[in-house]
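Notes follow the structure.
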Amino acid sequence: MSRSYVPPPDPLRGPAATPIAFIRAIVLAYRRYGADPANCLHTARIAPELLADPGARVTATQMEIMSAVAMQELDDEALGWFSRKLPWGSYGMLCRASLTSPELGIALKRWCRHHRLLTDDIVLSLEVAGSLATLAIETRRELGPMQELCLVTCLRYILGYACWLIDSRIPLLAASFPYPAPAHQSAYPLIFPGPVLFDAACAGIRFDAQYLRLPLRRDEHDLQQMLKRALPLTVLQYRRDRLLVQRVRQLLKAEANAALTAESIAGRLHVSPRTLHRQLREEGATLLALKDEARREQAMRLLTRSKRPLKQVAQAVGYRNEKSFSRAFKDWTGQSPGAFRESAGKPEG
């Protein structure tokens with residue numbers, strides 16, 4: 001990270017949703033190094049007495065400032081988590097080491113491999129099983145009261161960097177942590193949107209492996225600009241999902257017989273209906289068009305691979321009667337369902 005970090009002008013701007021437990025963990029780092037956190041707390045505009053209130057929350061900007069100032073003052077980007085310091089600039093080095101990768105999967109594997117050059121107190125790994133990708137953290141040293149902030153931050157570092165690399169949100173299928181649910185567990189879905197599991201075997205995030213094949217969209221100039229304020233990547237959620245159209249298609253195909261609404265589809269994809277429509281529009285698609293596409297493909301498949309009566313085919317693709325189905329099918333293909341079936345059944349030549 002760059003040494004030119006300049007704190008945002010208003011630390012109190014935005015909702016106070018970050019648990020005070022994360023701030024207390026940073027204060028512990030100061031104590032470990034025999035340093036005074038007073039300047040850090042003052043810069044972030046966090047009253048010292050707030051540390052004694054377990055239910056207190058701070059803004060994301062306050063957390064950003066607290067982390068950045070502490071990293072510089074302690075010269076440790078790991079904030080006291082590991083058995084040795086990670087000097088300021090360590091994570092920037094990891095970013096540069098993976099920036100030239102042709103696709104995200106290779107970039108993440110490089111990040112995991114190079115992270116071991118910094119410390120072996122934790123080991124990061126990327127595994128792919130079928131359509132699922134899992135980025136896991138194995139803890140090899142007792143982290144004590146530093147455990148939560150260490151694991152949460154390391155996962156958000158790599159997730160935020162991965163999203164930035166491909167300029168796309170990566171929806172999480174699950175985030176897991178090897179400790180009991182903390183009192184502030186309600187903050188976790190804000191940090192890791194999607195299912196959150198506690199008391200797991202290890203810390204990790206799971207997501208669709210298709211994102212690993214996306215090409216990187218950043219260069220050295222982009223990296224230099226990002227590193228001037230890299231920490232927001234650990235908090236901010238990317239709005240754009242470059243695979244959203246594909247994911248909606250897959251859902252509609254997998255549940256072709258279900259009466260899926262915008263609300264139910266958005267719920268499955270962990271976005272709001274408004275966000276679903278907006279992101280589809282940004283990708284040049286609409287939910288109605290994708291539904292028609294799924295119906296058309298299923299109808300064509302049933303007409304060519306089964307002998308179901310047209311009335312049953314119509315019902316299978318979501319039409320109440322054969323007449324409305326026939327009209328829609330002719331709009332899609334220029335043929336009636338019966339004529340399509342007849343022509344599809346004739347041998348070529």
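Every number here is computed from the coordinates shown, using simple stated rules; none is lab data. A quick note: this is a predicted structure, and the numbers were derived from the prediction, not measured. Counting neighbours? That spans all protein chains shown, and the Cβs are built from the backbone with ideal geometry, glycine included.
Shape analysis of the stretch 30-149 places it in the prolate category; the axes a ≥ b ≥ c from the Cα gyration tensor give an a/c of at least 1.5, with a/b above b/c. When the chain is treated as a Gaussian network with alpha carbon springs shorter than 10 Å, the biggest mean-square fluctuation among 201, 230, 294 belongs to 201. Would you tally the net charge around residue 136, using a Cβ to Cβ cut-off of less than 11 Å, leaving residue 136 out, and scoring K and R as +1, D and E as -1? The answer is -1.
Among 198, 192, a tally of other beta-carbon atoms within 10 Å of each Cβ gives an order, fewest to most, of 198, 192.
Think of it as helices only: each DSSP H run of n ≥ 4 in the chain is worth -39500 (n - 2.57), and spread over all residues that comes to -14500 deg cm²/dmol at 222 nm. One Cα centroid belongs to the stretch 295-349, the other to the stretch 16-85; the line between them spans 64 Å. Listed from fewest to most Cβ neighbours within 10 Å, the set 291, 307 follows the order 307, 291.
Using a Gaussian network model of the chain in which every pair of alpha carbons under 10 angstrom is joined by a spring, one finds that among 331, 222, 167 the greatest mean-square fluctuation is at 331. For the chain, the number of Lys pairs separated by eight or more positions or lying on different chains, with C-alpha atoms closer than 19 Å, is 7. Overall shape: prolate for the chain, with the ratio a/c of the largest to smallest alpha carbon gyration tensor axis at 1.5 or above and a/b above b/c.
Computed over the chain with a Gaussian network model linking Cα atoms closer than 10 Å, the most mobile of 163, 202, 112 is 202. In degrees from 0 to 90, rounded to the nearest 10, what is the angle of the helix 244-254 Cα long axis to the longest principal axis of the chain? The angle comes out at about 50 degrees.
Can you tell me what percent of all Cα-Cα pairs in the stretch 135-238 are more than 24 Å apart? Here the long-distance tail beyond 24 Å is 27 percent of all Cα pairs in the stretch 135-238. Using the Cα gyration tensor of the stretch 244-345, with a ≥ b ≥ c the square roots of its eigenvalues, what is the shape: rounded (a/c below 1.5), prolate (a/b larger than b/c) or oblate (neither)? Cα axes put the stretch 244-345 in the prolate bin.
Residues 115, 184, 221, 270 in ascending order of nearby Cβ atoms (within 10 Å, fewest first): 221, 270, 184, 115.
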